[in-house]
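Nothing in this text is a laboratory measurement; each read-out follows from the coordinates by a stated rule. Given the structure is predicted, the values throughout are model-derived calculations rather than measurements. Backbone-built Cβ (ideal geometry, glycine too); neighbour counts: all protein chains shown.
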């Protein structure tokens, strides 16, 4: 879990909230693995498949991602130039944050992230590249 502030049963101070919303977690996971299935994303971010489907639809409708069908699979493309939605981040783009979070995750920084094989780790593709 990225930005985790303690799980409900960990006994850590801070409760069970996380720094990123479900939308943030899903967007980071898609950036890390653009060919991930909804099931893969669901397991990685600890949300139900139905919730992840709703979030993916929200992200696509807002222009953060596009979906491309390749045979029976879906490939996601993140738009790194898309701005944050909140006025507190006015003028800032999501790309640099995604670069930072995906680089940290791919650097095998110790933490409570789910274990993955090196093969499943892929860099995210920039729109127009």
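The fewest-to-most ranking of 21, 87 by surrounding Cβ atoms within 10 Å reads 87, 21. Sorting 102, 74, 48 by the number of Cβ atoms found within 10 Å of their own Cβ, with the fewest placed first, yields 48, 74, 102. What number, in nm² with one decimal, is the all-direction average of the projected area of the convex hull of the alpha-carbon atoms of the range 22-105? Projected area, direction-averaged: 5.4 nm².
Modelled spin labels at residue 43 and residue 73, positioned 7 Å past Cα toward Cβ, are 1.5 nm from each other. Going by neighbour counts of Cβ atoms within 10 Å, the residues 52, 94 line up, fewest first, as 94, 52.
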